[in-house]
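The structure under discussion appears below in the form of structure tokens.
The values are calculated or read from the model by the stated rules, or taken from the named source; none is laboratory data. Bear in mind that the values here come from a model prediction, so they are computed numbers and not experimental data. Neighbour counts are summed over all protein chains in view; Cβ atoms, including those assigned to glycine, are modelled from backbone coordinates with ideal geometry. Note: areas computed on protein heavy atoms with side chains; ligands, DNA, RNA excluded. Shrake-Rupley method; radii C 1.70, N 1.55, O 1.52, S 1.80 Å.
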Amino acid sequence: MKRKKYLWLSIVSVLCVLVLWELVTDVLRLMPSYMLPSPLEVCKAFAYKVSGGVNPDGASLWTHIATSLKIALGGYLAGVVIGVPLGIAMAWYKKVDLFVKPLFDLLRPIPPLAWIPLMILWFGIGYGAKVVIIFISSMIACVVNSYAGIKQTRQVHIWVAKTFAATNLQILFRVALPTARPMILTGLKTSLGSAWMALVAAELLASTSGLGYMIQMARQMGRADIIVVGMIVIGLIGAALSSLLDLLTSRIGGKKTKRRG
Amino acid sequence: MQRIGKTVWKRLKANRQTLLWIVISFATLLIAWQVASMLSQGRVQIPAPLEVFEAFFRSMTVPIGKNTILEHAGISLWRVLLGFVVASVIGMAIGILMGVSPKAHAVINPLFEFVRPIPPIAWIPLSILWFGLGSSNKIFIIFLASFTYVTINSYEGARNVDPKLIGAARMLGASRRRVFTHVIFPSSVPYIFAGLQIALSVSWAAEVAAEIIYSQNGVGWIITMGMNNGNITQIMVGMIAIGVIGYLLSTLMRVVEGRLCRWNRQET
Amino acid sequence: MDRPVKVKVDHLVKKFDELLVLDDISFSVKQGEFLCIVGPTGCGKTTFLNSLTGLYDITGGSITIDGEPVDLKKHRVAYIFQEYSTMPWLTVEQNVQFALNLKREKAEKAKKQAEKYMELVGLTEFRDYYPDQLSASMLQRVVIARAFATEPELLLMDEPYGQLDTELRYRLENELLNLWRQSGTTVIFITHNIEEAVYLGERILVLSNKPTTIKKEIANRLPMPRDIAAPEFIELRNQVTELIKWW
């Protein structure tokens, strides 16, 4: 609560930056508007785009958002559905671990974004390539976190279940998974972030619609105001998705997540 | 003595199992790859593994574009190094400042929070407008990518210094500056290092992404060129180079961390 | 004293690699008996219990319950560990029901059992608490309720009260004796605390160290409840202490 004391400082700081930005652009003209648009220009462009304007990139903001979200969520869900069980299976079954881990370790140093050109050649610049890239990006975080989570299971908890005659599957579901749940949720969140980033990268490189495409087009036409609008929207949606996920998982977790405090 | 011999033997036997499985899984991958390459045709082309490895080693002496692959790697690494070092220095300074002074935190944090949700890669178009098409726009992207992690971790590190330690040092008559150099900074080091570690791997990913999206050289350029020419072998060569460098960078950071933060080893 | 033999340990040997931990241990426990095993710290007491429940494979000899090899599916065994072993993600009530759910008891019965044993150890009003909101002694009560709720034929306890202060320990020990008398279960209780062993056990096995063997078996016929200040108690305690003397 000590932080509250300096709330005025925070407000002043944000205002200062805005004023400085306005000074540099509209008032003193130190930066040309094709490089740094003024806050007012950004607001205007934002209003134009939000109200359905299709220039200069040929589609309204809403169309771009819809395209991006569809691809991002599709790839992300696939990554979660495959990544979480894979991580769990690797951590729980020695054989799976021994077989999959070397391959995983082999491929992991390659950043998911580096797969983009290959996927584009294989699947074209439509949905396919992008969904695969996002799938790879989000799967990795899911596997890593689920794996680490299961490995945190305490020996004594396993022993308790064992002496009460639990089967291996019972131990997995009633002991290891509850232990791993917070880590798995972290994985879901991390991978959502990487999915969103991968989407932007893929759309910057090759696409015909979507937010990444919008800012790429704007660059080619020297429309910095649209670029900034796009960046803000990308940031906002990323933040919104992440809070949405928080909300969903806290519902599932209920008060049980709170107790860790 | 005999017992030690036996345990070593046991270890070896356990490791032999792991080793065996590594061989099995790599073999499966190579065979699957080979089979896929034999079956592939039309648009979905998959070059055979041997072809790719051969091309990889050839590219060390025979240039792709204007440079050999080693030169491309050097160019990419140089950019990463510049962006990373600048970001680390500034990030540590700002992070520690925020951790030590609530006022600084109040001023800087909101700005930081506004910028943070935007993925560094989304800055690429603006960065190109600002810095042109050369190296500097990539260095800027790398800077953005690693700056966040270094700052947050330095902040956490400085904020979580045990107040008792600071109190004790003050009581022993240490000046503010000495408290900083002898207490706050050393005890933040493990946090900072964790930040640097993530930052470096994120930097590498950002560099690769920036190069893929627009560049005239570097390992990312190799794979984009491969894409533009429909040369999958070249793409895979580039990806191998990217993977090897990524691996080396993360190993390097782990080794350095092991040296510097030995006192802080908590878990293995 | 002509109760049938419940557990029979026959020439038990356990090695970790080349390290001999348990060396030729033989003894038996009668139905409904309260057996205490004392020995110096680090003498392989835990290894013994873990071998008994099959958590560790044994190197030689045999362990039987009712004349059959130990089978956790058939024999209702409960094991109370030295470490805190409540599940942090479950409430007190869910923790007490944990084993019953594993054994696929009907929800109704599990609830009733949990109810009964929470009542017996005085946890009813804490049923919705999570373990990290409870004190050390309450955590051990949860674990004890969880074990008794399964109505075990054999209860193994590995220094369950090692981390509690003296007063709480006495209270929990008395609670345990009550539960034992009511349920008629067979108990093997391991401790390094001699007073605790003399207070609880009908019979005391004194172990020696490295490798572990049985040094002596002492019958404890003092009537319960025992008075730790009574001369007979002190005499018996001194007798056991003489045998151990690890300092």
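Things to note:
- Note on region C:194-247 and region B:201-219: Cα centroid distance 73 Å, given to the nearest whole angstrom.
- Ellipsoid semi-axes in whole angstrom, largest first, where each is sqrt(5λ) of the Cα gyration tensor of chain A: 43, 25, 14
- Solvent-accessible surface of region B:168-214, taken per residue with a 1.4 Å probe and all protein chains present: 47 Å².
- For chain A, averaging the sequence separation of C-alpha pairs within contact (under 8 Å, six or more residues apart) and dividing by the residue count gives a relative contact order of 23 percent.
- Helix C:92-102 and the long axis of chain C differ in direction by around 70°, with both axes built from C-alpha atoms.
- Charge tally in the Cβ shell below 13 Å around A:Ala224, where Lys, Arg are +1 and Asp, Glu are -1, A:Ala224 excluded: +1
- Beyond 26 Å in Cα-Cα separation lie the following of the pairs C:Lys45/C:Lys245; A:Lys94/C:Lys8; A:Lys5/B:Lys164; A:Lys101/B:Lys138: A:Lys94/C:Lys8; A:Lys101/B:Lys138.
- Where labels lie 7 Å past Cα in the beta-carbon direction, separation of A:Ala47 and C:Tyr84 in nm: 5.9 nm
- Taking a point 7 Å out from the Cα of A:Tyr93 in the direction of its Cβ, the residues of region A:126-169 whose backbone N falls within less than 14 Å of it are A:168-169.
- Exposure ranking of B:Met92, A:Met119, B:Met171 by accessible area [1.4 Å probe, largest first]: B:Met171, B:Met92, A:Met119
- Radius of gyration and Dmax over the Cα atoms of the protein assembly as shown, both given in Å: 33.0, 104
- Counted over chain C, the DSSP beta bridges are approximately 50% antiparallel.
- Rounded percent of accessible protein surface that carbon and sulfur make up, the protein assembly as shown, 1.4 Å probe: 63 percent
- Rounded to two decimals, the Cα radius of gyration of region B:114-236 over 2.2 N^0.38 Å is 1.50.
- Angle in degrees between helix C:107-120 and the longest Cα principal axis of chain C, rounded to the nearest 10: 60 degrees
- Ratio Rg/Rh, restricted to chain B and using Cα atoms, in which Rh is the Kirkwood radius: 1.09
- Taken one residue at a time, the phi angles of region B:115-120 give Karplus couplings (6.51, -1.76, 1.60, θ = phi - 60°) of 7, 4, x, 7, x, x Hz. Gly and Pro are set to x.
- Here the spin labels are modelled as points 7 Å beyond Cα on the Cα-Cβ line, and at A:Leu40 and C:Glu108 they lie 7.8 nm apart.
- The residues of region C:5-21 occluded by other protein chains by 40 Å² or more of accessible area, set against the chain on its own, are C:Asp17, C:Glu18; surface from heavy atoms, 1.4 Å probe.
- Across chain B, the relative contact order, built from alpha-carbon pairs under 8 Å that are at least six residues apart, equals 21 percent.
- Region C:97-137: C-alpha gyration tensor shape, a/c 1.5 cut-off, then a/b vs b/c: prolate
- 1.4 Å probe, heavy atoms, protein only - residues of region A:212-240 losing at least 50 Å² accessible area vs chain alone: A:Arg219, A:Met231
- Relative to the current alpha-carbon distance between C:Asn193 and C:Lys215, full extension at 0.36 nm per residue lengthens the span by 6.3 nm.
- For region C:120-174, the Kirkwood radius over C-alpha pairs fed into Stokes-Einstein at 4 °C and 1.567 mPa s yields D = 107 µm² per second.
- Residue of C:Lys109, C:Lys74, C:Lys210 that the Gaussian network model of chain C assigns the largest fluctuation, springs spanning Cα pairs under 10 Å: C:Lys74
- Delta accessible area of at least 50 Å² on complex formation, residues of region A:147-188, 1.4 Å probe, chain isolated as reference: A:Val156, A:His157, A:Trp159, A:Val160, A:Thr163, A:Phe164, A:Ala165, A:Gln170, A:Arg174
- In this calculation the C-beta distance from C:Asp2 to C:Thr64 is compared with R0 = 22 Å, giving a FRET efficiency of 0.70.
- Evaluated over region C:1-72, the Cα radius of gyration and Dmax, each in Å: 12.5, 40
- Three-way shape call for region A:57-176 based on the alpha-carbon gyration tensor, with the a/c threshold at 1.5: prolate
- Backbone N atoms of region C:183-203 closer than 13 Å to the 7 Å Cα→Cβ label point of C:Arg237 belong to residues C:193-200.
- Amide H within-cut-off set for C:Lys216, under 5 Å, with H built and near neighbours excluded: C:Val206
- Neighbourhood net charge (10 Å Cβ-Cβ; Lys/Arg +1, Asp/Glu -1) for A:Thr249: +2
- Taken as entire DSSP H runs, the helices of chain A that both span 24 Å or more between Cα atoms along their own long axis and average 1.0 or more on the Kyte-Doolittle scale are A:61-92, A:127-151, A:224-253.
- Diffusion constant of region C:82-151 at 20 °C, which comes from Stokes-Einstein with the Kirkwood Cα-pair radius and 1.002 mPa s, µm²/s: 185 µm²/s
- Judged by the gyration tensor of its Cα atoms, with axes a ≥ b ≥ c, region C:39-99 is oblate; a/c meets the 1.5 cut and b/c is at least as large as a/b.
- Computed from Cα atoms, the angle from the helix B:69-100 axis to the main principal axis of chain B rounds to 20 degrees.
- Euclidean distance of C-alpha centroids, region C:19-83 and region A:89-146, integer Å: 47 Å
- Charge tally around A:Lys101: other residues with Cβ under 13 Å, Lys/Arg +1 each, Asp/Glu -1 each, net +2.
- Where only DSSP H runs of four or more residues are counted, the protein assembly as shown gives -21000 deg cm²/dmol as its mean residue ellipticity at 222 nm, each run worth -39500 (n - 2.57).
- Computed FRET value (nearest 0.05) for B:Trp130 with A:Ile125, which takes r as the C-beta separation and R₀ as 22 Å: 0.20
- Note on B:Leu30 and B:Trp78: with the Förster distance fixed at 35 Å, the Cβ-Cβ geometry gives a FRET efficiency of about 0.55.
- Point-to-point label distance, A:Val27-B:Val244, nm (Cα→Cβ direction, 7 Å offset): 5.6 nm
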